[in-house]
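Have a look at the structure below, then the notes.
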Amino acid sequence: MPSSTLHKVRFAGMASCVPRQIVSNLTDCRPQIRGERERLVRNIGIEQRRLCPEWQCFSDLAFAAAETLLEKLAWRREEVDALVVVTQSPDYLIPATAIILQDRLGLSQATAAFDVNLGCSGYPFGINLLGSMIAAGGVKKGLLLVGDRCASYNDPIFSDAGTATALEFDPAAPPIHCDLNSDGSGYKAICLPIGGHREPFGLQHMIPRRENENDHWHWPGELRLDGLTVLSFSTQRVPPAIKRLLEYAETAKEDVDYYVFHQANHMINETIRKKLGLPAEKVPSTLRDFGNTSSASLPLTMTARIRAELEQGKKRLLLSGFGVGLSWGSCLLEIEGALFPDLIES
């Protein structure tokens, strides 16, 4: 879609929650692949990840984040008019996880609650979607719950997290500028092919395989990730989109306090940073300690790295998410007086 602007939408606060279990890519692996893991950590920058126990869902993390945020904001449950959940890790295929969380959080039955199936770009899309509902005048206060449960013990990249963001109607709020894009021709680059109606799960998908004796066992139903395609897509599409958004918002790149990128891997993010000519201190990262947390990576990085700075005064941020879809989206916003609770472990 063309770049757009949201008016009268205030960023009121945000909370992030991660599982307590920490998995190390260097020590929690078989000795045979230790050298491979050391090279991987150097290249992609992910040393530790957070992993949910079997019983814990994304919705449990999002619930903990939302409960904390509502308490800190002192919002009454009946004041929340909309609940938007952006995830690719629903509790069930049917019904929507947002409907379950509406009841679990004790929100009014007049709350509009629904899911959005997006991954790495989900946070900017979610801000735009909920913000548009508020800007239209029908919603006064809304919650955006974003994240995924996508980690596994053997996969060295992905990590679990859930976040909650509060937006509210405020006639004096500064504008939020957005730029959202999609390219479905590249959908196979990041794809979970088994389990939908196109290829339902069958007994043949329960047979594991591996390339050699040192390889992990892989299931046919695992996520398929074309790293080279994702690298090319991210580094070619994202920098021009960010420049376009800055130009649209008539904002010099030096006037942005922080650029928060989706935490894909160190190589991708450093390439984007250098292409844009940004100083490293303006580009916070959580890759080393939290890995790739899918759609939660933008708010989690804000909580874990610049929470104190965001509470000290007005800050201008450019948030950019990119990946599965393929899709990429950015938003430029000013934050002042918002609440950012400490990182929650659940």
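Bear in mind that the values in this text are calculations on the coordinates, not laboratory data. No experiment lies behind these values; they were computed from the predicted model shown. Neighbour counts are summed over all protein chains in view; Cβ atoms, including those assigned to glycine, are modelled from backbone coordinates with ideal geometry.
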Margin query: Over 31 Å between Cα atoms: which of K188/K274; K275/K314; K188/K314; K140/K275; K140/K274; K188/K282 fall into that group?
Written below: K188/K314; K140/K275; K140/K274; K188/K282
Next item on the list: Go through 77-84, 90-97 and give me the packing order, highest mean Cβ count within 10 Å leading.
Entry: 77-84, 90-97
Check: Roughly how tilted is helix 34-44, in degrees to the nearest 10 and between 0 and 90, from the longest Cα axis of the chain?
Finding: 30 degrees
Notebook entry, point to check: Just the Cα atoms of the range 64-105, one point each, no solvent: what log10 I(q)/I(0) does Debye give at q = 0.19, 0.31, 0.32 Å⁻¹?
Noted result: -0.62, -1.21, -1.25
Check: In a shell of Cβ-Cβ distance under 11 Å around D155, excluding D155 itself, what net charge do Lys and Arg (+1) and Asp and Glu (-1) give?
Finding: 0
Check: In terms of the Cα gyration tensor, with a ≥ b ≥ c the square roots of its eigenvalues, is the range 298-346 rounded because a/c is under 1.5, prolate because a/b exceeds b/c, or oblate?
Finding: oblate
Check: Which shape class applies to the range 1-136: rounded if a/c is under 1.5, otherwise prolate when a/b exceeds b/c and oblate if not, where a ≥ b ≥ c are the square roots of the Cα gyration tensor eigenvalues?
Finding: prolate
Next item on the list: Would you compute, from DSSP H runs of 4+ residues alone, the mean residue ellipticity of the chain at 222 nm, taking -39500 (n - 2.57) per run and dividing by the full residue count, rounded to the nearest 500?
Entry: -9500 deg cm²/dmol
Checklist line | Choice from S327, S132, S295 with maximal GNM fluctuation in the chain (Cα, 10 Å cutoff) | finding: S132
Next item on the list: Provide, as a two-decimal number, the C-alpha radius of gyration of the range 204-325 over 2.2 N^0.38 Å, N being how many residues it has.
Entry: 1.29
Check: Taking the Cα atoms only, what angle lies between the long axis of helix 58-73 and the longest principal axis of the chain, rounded to 10 degrees?
Finding: 30 degrees
Margin query: Nothing charged except the Cβ atoms of Lys and Arg (+1) and of Asp and Glu (-1): what's the magnitude of the dipole of the chain about its Cα centre? Round to the nearest 20 debye.
Written below: 560 debye
Margin query: Tell me the angle of helix 266-276 to the major Cα principal axis of the chain, expressed in degrees between 0 and 90 and rounded to the nearest ten.
Written below: 40 degrees
Next item on the list: Quickly rank 296-308, 243-255, 190-202 as a protection proxy: mean count of other C-beta atoms within 10 Å, highest first.
Entry: 296-308, 243-255, 190-202
